[in-house]
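Structure first, commentary second.
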Amino acid sequence: MLLSRARVAILVEDLFEEAELTSPRDRLTAAGATVVLVGPMAGKVYTGKHGGIVTADLAAGAVLVEDFD
């Protein structure tokens, strides 16, 4: 399935489960979607249960459901 125009939010917080974030993110990106990581604070680095790290693109308080598909 091609998702070239889709914009998808994935929520992130400290102690996230890496496989639950990275697998969907990678599959969605490979299908052409724009994936945005949304956390409590934009720009903050979040650490997963197994030491993986990601940085939130946007703060949860700054996004609207209408901005995503």
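The values are calculated or read from the model by the stated rules, or taken from the named source; none is laboratory data. This structure is a prediction, so every number in the text was calculated from the model and none was measured. Neighbour counts run over all protein chains shown; Cβ positions are idealised from the backbone, glycine included. To get the accessible areas, we keep the full protein, side chains included, count just its heavy atoms, and leave off ligands, DNA and RNA. Shrake-Rupley method; radii C 1.70, N 1.55, O 1.52, S 1.80 Å.
At-a-glance table
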quantity	calculated
Cβ charges +1 (Lys, Arg) and -1 (Asp, Glu), total dipole of the chain, debye	160
Sequence-distant residues sharing a close amide H with L11 (under 5 Å, placed H)	V38
With eigenvalues of the C-alpha gyration tensor scaled by 5 and rooted, the stretch 11-69, Å	18, 16, 8
Per residue value of the accessible surface for the chain (all protein chains in place, 1.4 Å probe), Å²	66
Rounded percent of accessible protein surface that carbon and sulfur make up, the stretch 7-69, 1.4 Å probe	59
